[in-house]
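Student: This is the structure I have questions about; it appears just below.
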Amino acid sequence: MEKYPGKKKIAVFISGRGSNLKSLIKYSNKKNSLITISLVITNNPNAKGLEYAEKSKIKNYVVKFKSKSFFESQSLRLLKKNGIDILCLAGFMKILSGNFIKKFSQPILNVHPSLLPKYRGLDTHERAIKNKENFSGATIHKVTQKLDSGKIIFQKKVKILKSDNINSLKKKVLKIEHEIYPKAIAKFITNL
Ligand code: GRF
């Protein structure tokens, strides 16, 4: 029998600190949440975020990035074996191939620290400040073959103050990421 009947089985890919994973675990533990986190995979043996998975007794694996195809085939096997419905990327610093996205054949979501379509890729805060933007924010979007370009599911703005620097903006945006990722997942599942 399913442990959590009706809940979507989520896998989370991380590469480091795992604060977004922590916020997803917190959401999954809520009585009315629509998800259960069944699997955590990281490419980084030293990812601090693995501790959150361990603490919550979530199955977790380090799959070394010996090559993209090695990582992807091993991960795919684990995703299929665990009957994962949705894959959530949370601070996962590798780019998945079109082949992986096609073969997995279930939705993949990502959190990005900017108001997409602005500032795809890395160094988002640095670029937003340099361009004297009045706002930044975070976006949850579907992952497609084109980097940071899939359908936007949820977005929230934050004001960039004159006094902000890269670190203060990063902190503000991260707080928003933690807030909107669970909301976006719930919205996404509700609209499936
Ligand atoms: C987040 O800001 C995410 O948007 C970016 O990397 C950071 C990961 O943080 N891609 P964490 O590992 O979830 O703490």
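The values are calculated or read from the model by the stated rules, or taken from the named source; none is laboratory data. Just so it is clear, the structure is predicted and the values come from calculations on it, not from any experiment. Quick reminder, even Gly has a Cβ in these numbers, built from the backbone with ideal geometry, and neighbours come from all protein chains shown. Just the protein is used for accessible areas: all its heavy atoms, side chains included, with ligands, DNA and RNA removed. Shrake-Rupley method; radii C 1.70, N 1.55, O 1.52, S 1.80 Å.
Student: Treat every Asp and Glu Cβ in segment 51-176 as -1 and every Lys and Arg Cβ as +1, leave all other atoms uncharged, and give the resulting dipole magnitude about the Cα centre to the nearest 20 debye.
Tutor: Numbers: 28 positive and 9 negative charges, 16 e Å.
I would put it at about 80 debye.
Student: Let me ask you something else. Accessible area of the chain with a 1.4 Å probe: how many percent of it is carbon plus sulfur? Write down the numbers at each step before the final one.
Tutor: Numbers: 5720 of 10780 Å².
The value for the chain is 53 percent carbon and sulfur by accessible area.
Student: Further question: Kindly work out what percent of the DSSP beta bridges joining two residues of the chain are antiparallel, to the nearest 5. Walk me through the numbers before you get to the answer.
Tutor: Values: 11 of 28 bridges.
In the chain, DSSP labels about 40 percent of beta bridges as antiparallel.
Student: Also, quick follow-up: Grab the other residues whose beta carbon is less than 13 angstrom from that of S15, score K and R as +1, D and E as -1, and report the net. List each step's numbers first, then the result.
Tutor: Details: positive: R17, K48, K64, K94; negative: none.
Here the charged neighbours net out to +4.
Student: Additional query: Tell me the net charge near N165. Cut-off is 14 Å between Cβ atoms, N165 excluded, with +1 for each Lys or Arg and -1 for each Asp or Glu.
Tutor: Numbers: positive: R127, K130, K132, K162, K170, K171, K172; negative: D123, E126, E133, D164.
My count for the surroundings of N165 gives +3.
Student: How large is the helix-only mean residue ellipticity at 222 nm for the chain, computed as the sum of -39500 (n - 2.57) over DSSP H runs with n ≥ 4, divided by its residue count, in deg cm²/dmol to the nearest 500? Provide the component values of the computation, followed by the final result.
Tutor: Details: 6 runs with 69 residues, N = 192.
After summing the helix terms and dividing by residue count, I get -11000 deg cm²/dmol.
Student: Still on this model: What is the calculated FRET efficiency for E54 to K118, with r their C-beta to C-beta distance and R₀ = 41 Å, to the nearest 0.05?
Tutor: 0.65
Student: Now, a different point. Sort K81, K103 by accessible area with a 1.4 Å probe, largest first. Don't skip to the answer; put the middle values down first.
Tutor: On the way: K81 145, K103 110 Å².
Output order, biggest surface exposure first: K81, K103.
Student: With the cut-off at 24 Å, tell me which of the pairs K130/K187; K66/K102; K162/K183; K22/K142; K22/K102 have Cα atoms farther apart than that.
Tutor: Details: K130/K187 33 Å; K66/K102 21 Å; K162/K183 29 Å; K22/K142 20 Å; K22/K102 28 Å.
The answer is K130/K187; K162/K183; K22/K102.
Student: Need one value: the accessible area of V158 in square angstrom, 1.4 angstrom probe, rounded to the nearest 10.
Tutor: Taking all protein chains as shown, V158 has close to 20 Å².
Student: Another question, if that's okay. Can you give the direction-averaged projected area of the convex hull of the alpha-carbon atoms in segment 20-63, in nm²?
Tutor: Reported value for the Cα convex hull: 2.9 nm².
Student: Okay, moving on. Could you state the accessible area per residue of segment 124-192 in Å², with a 1.4 Å probe and every protein chain left in place? Don't skip to the end; give the middle numbers.
Tutor: On the way: 4190 Å² over 69 residues.
That works out to 61 Å² for each residue.
Student: Continuing with the same structure: Rg to Rh for segment 112-192: what is it, with Cα atoms only and Rh by Kirkwood?
Tutor: Numbers: Rg = 12.8 Å, Rh = 12.9 Å.
Result for segment 112-192 is an Rg/Rh of 0.99.
Student: Using only protein heavy atoms and a 1.4 Å probe, report how much of T190 is accessible, in Å² to the nearest 10.
Tutor: Here the accessible area works out near 100 Å².
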